[in-house]
Amino acid sequence: MSRIGAVLYALFFLVATASARGETDASFRLSAGLEDLPAYFPAYLANGYISALSAPRGTEATRAYLVAFMDYAAGDISRPAAVPGWTEIDFSSSPTGAGQAWMNRAPLNERDFRDYRQTLDLHEATLTTSYRYLDRGRETAVEVTTLVSEASPHLAASRFRITPDYDGVVQLSFALMLWAPHAPRFPLAQMSGPEMEEALAANGLSLEPRAPATPDREALWYPGYTEVRASEGDGGSLSLWLDGQAEQGLPMAMAAAVALPEGVPPETVTVHRDRYRLALDVSIRVERGRTYDFTKFIAVSRAGWGGNATDDLALAREARDRGFARLLEEHRAAWDALWQPDILIEGDAKAQQVAHSELYYLLASATADTAWPVGPCGLTTCYAGHAFWDADTWIFPALLLLHPERAKPMVAFRERTLDAARQRARQRGFDGAMYPWESDPENGSEQTPHSAYVLGETEIHVNADVAIAQWQYYLATHDRDWLRAHGWPVIREVARFWASRATYDPGAQRYGIAHVNSVAESNTDIPNDTFTNVSAAKALSIATAAAGVLGERPDPLWSRIARLLYIPLAPGGEHHLAFDPAVMVDRSDEDFGGGPMALLFLPSLDLAMDAQLRRHDYEYGIRPSSVARVAAASMGIAPRSIAADTIGAAADAAAWFATNFTGGTLKPPFNVRTETAGNNVGYFLTGSGGYLQSLIYGFSGLRIRETGLIEAYAPVLPPGWKSLTLRNLSFRGQRLNIRIARDAAGVVRLRRQVH
C-alpha cells in the first residue's frame, strides 16, 4: 500500500471506528424500572479488589467481598469472607418516635416509589438510582450514585442526593453492616453428595432459585465469616472505623467518612453500635425545593493489600476532603482508559450491548500487577471464589489481547502457587506439578468439596490448561525474560507431570492416560478422554518449544509422548471421538451443553487438523447438538459458534452465537451472565469470556502463534452485521486495530492498522 493509501485507510478506519462508537453509546447503559424488579438480578460494582452488589433502592446493605480474602473454618472448603456491608444509607422524613418510617423498609411499589429508574453505566462503572419517595404525605426526590473506585482501588463511595417538597427535619443513617455468621455451616470438605442433600433438606433449604433473584446458590455457597474485633465511631468527625479478621484467615479493615451538605449543620449526630451494625445517625433540617448532598466515603484493606483501620480512616477522610466530584472524575477517567481497547459491532445493537456488559464484568473482576486469579464468578461466593481452569482457558484469552495487564495476574497466580502444585504431585506419586481442580485464590491449596472429590483427583486437563495459558502469554508478548523467570518453571513442571502420568502400551506402541474424569463430567474413571489427551500433548509440545526459545535442554520424553499419545478417532480417522471407543457408545451429545467435542475448537488449544477432519468433527460432534440444550448452558455456546466459524459456516456460527441472548443465561436487567438458564450461578465470567472469545478469535479467525497474530481461516460475519472492529489490541509491543467487514463484492475481509 502506498503512503497516501495508508494514510487514507487510517483516516477511513478512524472515522468508521468513531462512527461505530457514536452509534453504540447507548450500549453502555442498562436500566431497570419498577416493572423489572420481579426478575431483578443484582448488578455488580467492583474494581478487582472490592466488590458490592446492587439493590433496588440503591441504599440497602448488600454483601461485599475483597480479593482472595478467604475464611478457612475447620472441616469446610475455603470461602470468600463477607466483609462488613458498606452500601447502606437509610432515610426517613417522618418525625422521630414510635411511628417513624425508614425508606429501606418501605415496600417497593408505585405508590411509595414514583418515577423509579436504576441505571448501570458500564462505561463509567457507576450505579445511579432515582425516584420520588413518598412517606406519609411527604415527597422526596432521591438520587443515589455509587461507585467502587478504579482510580483509587481502596476507595468506594455513595452519594445520596435529596430534594424535599417540604420543610422540616429528616433523619439519615450511614451504616456498616456487621454480618452474623452463617448458620448452619456445612463441613463441605467432608460431606458426600447425598449427605449434602440430606443436610439441606433437614435445615429447610433448597438449591432452587429464589425470587427476587440472588447471585449464587446461597444454601451451599454462602459467604465465610469476618469477625469484627474492634469498631469505633466519632460523631464529631462523622467517621466510623473497624478492624476485623476472617475466621481462621487474614485481618482486614474498613473506615467510613461522611460528608454532609455544605453550610447546613446537623441537628443531631449520634453513633450507634451493636453486634450487627455500626452507624452514624444524623438529623438535619431541610427546606422545600432545595437539593442536599450526603456522601459516604469508604476505605477498605486486607492483609497484604493496604493497612489497618487507622490507615483506612485517613484514606476515607482524605477522599472526603477532596470531594465526591473529584473521586468520580478520576474514576471515570480510569474507566475511560480501560475502554480504549474495545469491541465494536455495527448492525446488531443487542450483540454490541452484551459485548460491553460482558467486558465490563470481566474488567470489574480483574486486577493488574498482582498474582491473584479471577474466579468463575468474580468477587462473589459462587463456586466459593476458587480458581478453576476457567481462569486459564476462558477468561485469560478474552483479556489477553485487549488487556494483557489484566490477563497476566492469572498466569502469575499459577507461578506463585507452583510449590503447592509440586507438593500435590509428590503426594500422589507423580513428578512435576499437579494443580488443583479448585485452587484457593490466596494460597493455591486444593479446595474441591468432598462431594466432587473425583474431579479434584482426575479431571486433570486443568494442568494442560495452565501450561497453555503460560505459553499464550509469551506468544502474545514475546517477553523472553518473563518466560525464563516466570513462565518456564510452570511449563516445565507441568510437562514433567504429564510425562509421569502417561503410560506406554507396548502392544499398541503408543501412550495413553488412564483413570481420568472427562470434561463431560458424568464420564468418570475413563481412559483416553480426547480433550484431556490433546491438551496434554499440547502442553508437552509447548515445553519442548519453550526450552528451545530459552536454550534449555528439553526432556526427549516430552516430544515422544506428545507424538505417540493416543487421540481417539473413528475408524478410518474420519473424525475425532469424545473418548476411547473402549468405553464410549455414542455419547457426543452429553454434558457440557451438548458434548465435549466442541472443546476441540477452543482458540487457545488451536488444535491442528486438516480441513476435512475439522469439517467431519463439526458434522459429528457439533451440528447434531440440541440448540435448546446448548443455549441453556452458557459454557457450551462459544465453542460451537467458533467451530462453525472454522469451517466457514457463517449462518451456523451466527445461530449458535445468538443463543447467548435467547437461552435464558443472560439475566435482566443488567445482563448478568449465569452458568445455566435454570440456576442462579451469577456473574459467570466463564460464559462472559466465551462470548468475547467468539468475537475476538471466532468471527475474526485470529490465532496467537509463534509466527504472530495470524488468520487461521477466513473471517466470518453474521448476516446483518456491517462490521466487527477489535480496537486497540496489544500484541508484541504494538497497538493495532482490526476491522472485519464486507467488501463491495460482499466478501468478508479482515484489515489491520498498526498504531
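Is there a residue being in a strand (DSSP E or B), modelled with pLDDT of 95 or more and closer than 22 Å to residue 375 by Cβ anywhere in region 92-114?
Our first condition is that a residue be in a strand (DSSP E or B); within region 92-114, this holds for 92, 113-114.
Still in the list and also modelled with pLDDT of 95 or more: 92, 113-114.
Next, only the ones that are closer than 22 Å to residue 375 by Cβ stay: none.
Checked against the condition, which is being in a strand (DSSP E or B), modelled with pLDDT of 95 or more and closer than 22 Å to residue 375 by Cβ, region 92-114 yields no hits at all.
Output the number of residues of region 619-630 satisfying the condition of being surrounded by fewer than 23 Cβ atoms within 10 Å (Cβ to Cβ) and either of a type in the set (Ser, Thr, Tyr) or in a helix (DSSP H, G or I) (or both).
First, the residues of region 619-630 that are surrounded by fewer than 23 Cβ atoms within 10 Å (Cβ to Cβ): 619-620, 623-629.
If we keep only those that are either of a type in the set (Ser, Thr, Tyr) or in a helix (DSSP H, G or I) (or both) as well, we get 619-620, 625-629.
Going through region 619-630 one residue at a time, the tally reaches 7.
Out of 508, 539, 499, 495, which single residue is in a loop (DSSP other than H, G, I, E, B) and out of contact with any Lys or Arg (no Cβ under 7 Å at 6 or more places or on another chain)? Can you show your working first?
Working: 539 fails: in a loop (DSSP other than H, G, I, E, B); 499 fails: in a loop (DSSP other than H, G, I, E, B); 495 fails: in a loop (DSSP other than H, G, I, E, B).
Step by step, each of 508, 539, 499, 495 is checked, and only 508 is in a loop (DSSP other than H, G, I, E, B) and out of contact with any Lys or Arg (no Cβ under 7 Å at 6 or more places or on another chain).
Counting only residues that are in contact with a Ser or Thr (Cβ under 9 Å, 6 or more places away or on another chain) and in a helix (DSSP H, G or I), which one in region 422-452 is nearest to residue 540 (Cα to Cα)?
425
Filter region 198-235 for residues that are touching a helix residue (DSSP H, G or I) at 6+ places or on another chain (Cβ under 9 Å) and either farther than 24 Å from residue 251 by Cα or of a type in the set (S, T, N, Q) (or both) and give the result.
205, 206, 207, 211, 212, 213, 215, 216, 217, 219, 220, 231, listed by residue number.
Quick one: which residue in 521, 493 is buried (at least 22 other Cβ atoms within 10 Å of the Cβ), of a type in the set (Asp, Glu) and within 29 Å of the chain's Cα centre (by Cα)? First the steps, then the outcome.
Numbers: 521 fails: buried (at least 22 other Cβ atoms within 10 Å of the Cβ).
Exactly one of 521, 493 is buried (at least 22 other Cβ atoms within 10 Å of the Cβ), of a type in the set (Asp, Glu) and within 29 Å of the chain's Cα centre (by Cα), namely 493.
Which of the following residues is surrounded by 24 or more Cβ atoms within 10 Å (Cβ to Cβ), touching a residue at least 12 places away in the same chain (Cβ under 8 Å), of a type in the set (Gly, Ala, Ser) and farther than 19 Å from residue 250 by Cβ: 68, 52, 81, 64? Give the steps one after another, and end with the answer.
Numbers: 68 fails: farther than 19 Å from residue 250 by Cβ; 81 fails: farther than 19 Å from residue 250 by Cβ; 64 fails: farther than 19 Å from residue 250 by Cβ.
Answer to the check: 52.
Give me the pairs: first residue in region 568-579 and more than 12 Å from residue 612 (Cα to Cα) and in contact (Cβ under 8 Å) with a residue 40 or more places away in the chain, second residue of a type in the set (Ser, Thr, Tyr) and part of a loop (DSSP other than H, G, I, E, B), beta-carbon distance under 7 Å, and six or more apart or on different chains, which are they?
Within 7 Å, the pairs are 578/588; 579/518.
List the number of the failed condition for residue 264; all other conditions in (1) touching a residue at least 40 places away in the same chain (Cβ under 8 Å); (2) surrounded by fewer than 22 Cβ atoms within 10 Å (Cβ to Cβ) hold.
All conditions pass for residue 264, except number (1).
If a residue has to be more than 14 Å from residue 691 (Cα to Cα) and either in contact with an Asp or Glu (Cβ under 6 Å, 6 or more places away or on another chain) or outside any helix (DSSP H, G or I) (or both) to count, how many in region 377-401 make the cut?
Qualifying residue count, region 377-401: 12.
If I filter region 520-532 for residues that are among the hydrophobic types (A, V, I, L, M, F, W, C), touching a residue at least 40 places away in the same chain (Cβ under 8 Å), touching a Phe, Trp or Tyr at 6+ places or on another chain (Cβ under 8 Å) and within 19 Å of residue 410 (Cβ to Cβ), do I get at least one hit? Write out each step before concluding.
Of region 520-532, the ones among the hydrophobic types (A, V, I, L, M, F, W, C) are 520, 526, 531.
Filter once more, so that each one left must be touching a residue at least 40 places away in the same chain (Cβ under 8 Å): 520, 526, 531.
Add one more test, that the residue is touching a Phe, Trp or Tyr at 6+ places or on another chain (Cβ under 8 Å), and what stays is 520, 526.
Within this subset, residues satisfying the condition of being within 19 Å of residue 410 (Cβ to Cβ) are none.
Among the residues of region 520-532, not one is among the hydrophobic types (A, V, I, L, M, F, W, C), touching a residue at least 40 places away in the same chain (Cβ under 8 Å), touching a Phe, Trp or Tyr at 6+ places or on another chain (Cβ under 8 Å) and within 19 Å of residue 410 (Cβ to Cβ), which makes the answer no.
Test residue 337 against the stated conditions and say whether it is free of Cβ contacts under 8 Å to residues at least 24 places away in the same chain and under 17 Å from residue 728 (Cβ atoms). Working first, answer last.
Values: free of Cβ contacts under 8 Å to residues at least 24 places away in the same chain: yes; under 17 Å from residue 728 (Cβ atoms): yes.
When the stated conditions are applied, residue 337 passes them.
Keeping to region 182-206, report how many residues are touching a residue at least 60 places away in the same chain (Cβ under 8 Å) and either part of a loop (DSSP other than H, G, I, E, B) or within 30 Å of residue 158 (Cα to Cα) (or both).
8
Do you know which residues across region 540-566 are surrounded by 16 or more Cβ atoms within 10 Å (Cβ to Cβ) and under 20 Å from residue 580 (Cα atoms)?
Within region 540-566, 561, 562, 564, 565, 566 qualify.
Every residue, every condition in (1) crowded, with 21+ Cβ neighbours inside 10 Å; (2) within 30 Å of residue 718 (Cα to Cα); (3) β-branched (Val, Ile, Thr), yes or no:
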site: 321; (1), (2), (3): no, no, no
site: 326; (1), (2), (3): no, no, no
site: 333; (1), (2), (3): no, no, no
site: 355; (1), (2), (3): yes, yes, no
site: 359; (1), (2), (3): yes, yes, no
site: 373; (1), (2), (3): yes, no, no
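Based on this model, can you work out whether residue 379 counts as out of contact with any Lys or Arg (no Cβ under 8 Å at 6 or more places or on another chain), under 25 Å from residue 725 (Cβ atoms) and surrounded by 22 or more Cβ atoms within 10 Å (Cβ to Cβ)? Steps first, please.
Values: out of contact with any Lys or Arg (no Cβ under 8 Å at 6 or more places or on another chain): yes; under 25 Å from residue 725 (Cβ atoms): no; surrounded by 22 or more Cβ atoms within 10 Å (Cβ to Cβ): yes.
It is false that residue 379 is out of contact with any Lys or Arg (no Cβ under 8 Å at 6 or more places or on another chain), under 25 Å from residue 725 (Cβ atoms) and surrounded by 22 or more Cβ atoms within 10 Å (Cβ to Cβ).
Within region 588-642, restricting attention to residues that are among the charged types (D, E, K, R) and within 21 Å of residue 687 (Cα to Cα), which residue is modelled with the lowest pLDDT?
589
Could you give me the residue pairs with C-beta distances under 7 Å whose first residue belongs to region 314-326 and is within 11 Å of residue 255 (Cβ to Cβ), whose second residue is part of a helix (DSSP H, G or I) and not polar (S, T, N, Q) wherever it lies, and which are 6+ apart or on separate chains?
319/327
For residues in region 230-244 being in a strand (DSSP E or B) and among the hydrophobic types (A, V, I, L, M, F, W, C), which is surrounded by the most Cβ atoms within 10 Å (Cβ to Cβ)?
We begin by selecting, within region 230-244, every residue in a strand (DSSP E or B); these are 230-234, 239-244.
Retained after the next criterion (residues that are among the hydrophobic types (A, V, I, L, M, F, W, C)): 230, 240-242.
On the way: 230: 11, 240: 30, 241: 25, 242: 25.
Among those residues, the one meeting the criterion is 240.
Any residue at all in region 727-734 that's of a type in the set (Lys, Arg) and within 15 Å of residue 476 (Cβ to Cβ)? Lay out the reasoning, then the answer.
To start, the set of residues in region 727-734 that are of a type in the set (Lys, Arg) comprises 727, 732.
From what is left, the residues that are within 15 Å of residue 476 (Cβ to Cβ) are 732.
Yes, that holds for at least one residue.
Inspect region 122-139 for any residue being over 30 Å from residue 168 (Cα atoms) and in a strand (DSSP E or B) and give the result as yes or no.
Of the residues in region 122-139, the ones over 30 Å from residue 168 (Cα atoms) are 122-126.
From what is left, the residues that are in a strand (DSSP E or B) are 126.
Scanning region 122-139, I find at least one residue that is over 30 Å from residue 168 (Cα atoms) and in a strand (DSSP E or B), so the answer is yes.
Report yes if some residue within region 663-684 is small (Gly, Ala, Ser), within 14 Å of the chain's Cα centre (by Cα) and either under 30 Å from residue 35 (Cβ atoms) or at pLDDT 95 or above (or both); otherwise report no. Walk me through how you get there before you give the answer.
Within region 663-684, the subset small (Gly, Ala, Ser) is 663-664, 677-678, 682.
Still in the list and also within 14 Å of the chain's Cα centre (by Cα): 682.
Adding the requirement that they be either under 30 Å from residue 35 (Cβ atoms) or at pLDDT 95 or above (or both) leaves 682.
Yes, the conditions are met somewhere in region 663-684.
Pull up region 496-518, narrow it to residues that are within 22 Å of residue 421 (Cβ to Cβ) and of a type in the set (Lys, Arg), then point me to the one that is surrounded by the most Cβ atoms within 10 Å (Cβ to Cβ).
By that ranking, first place goes to 501.
Scan region 511-536 for residues that are closer than 19 Å to residue 425 by Cα and not in a strand (DSSP E or B) and jot them down. Even if it seems obvious, please write down each step before you answer.
Restricting attention to region 511-536, the residues satisfying the condition of being closer than 19 Å to residue 425 by Cα are 512-517, 525, 532-533, 535-536.
Listed by number, the residues that qualify are 513, 514, 515, 517, 525, 532, 533, 535, 536.
Please determine whether any residue of region 624-631 is farther than 27 Å from residue 606 by Cβ, touching a residue at least 24 places away in the same chain (Cβ under 8 Å) and aliphatic (A, V, I, L, M).
For region 624-631, residues farther than 27 Å from residue 606 by Cβ, touching a residue at least 24 places away in the same chain (Cβ under 8 Å) and aliphatic (A, V, I, L, M): present.
List the residue pairs whose Cβ atoms are under 8 Å apart, where the first residue sits in region 420-448 and is more than 20 Å from residue 410 (Cβ to Cβ), the second is assigned to a loop (DSSP other than H, G, I, E, B), and the two are 6 or more positions apart or on different chains.
Between residues of region 420-448 that are more than 20 Å from residue 410 (Cβ to Cβ) and residues that are assigned to a loop (DSSP other than H, G, I, E, B), the close pairs are 425/431; 425/432; 425/433; 425/434; 428/434.
Quick one: which residue in 227, 247 is within 23 Å of residue 49 (Cβ to Cβ) and either crowded, with 17+ Cβ neighbours inside 10 Å or small (Gly, Ala, Ser) (or both)? Before you say what the answer is, go through the steps one by one.
On the way: 227 fails: either crowded, with 17+ Cβ neighbours inside 10 Å or small (Gly, Ala, Ser) (or both).
Matching residue, one of 227, 247: 247.
In region 147-190, which residues are surrounded by fewer than 19 Cβ atoms within 10 Å (Cβ to Cβ), within 28 Å of residue 74 (Cα to Cα) and in contact with a helix residue (DSSP H, G or I) (Cβ under 7 Å, 6 or more places away or on another chain)?
Listed by number, the residues that qualify are 189, 190.
The values are calculated or read from the model by the stated rules, or taken from the named source; none is laboratory data. If you're wondering where the values come from, they're calculated on a predicted model, not measured in any experiment. In this analysis, Cβ positions are derived from the backbone assuming ideal geometry, glycine residues included, and neighbour counts consider all displayed protein chains.
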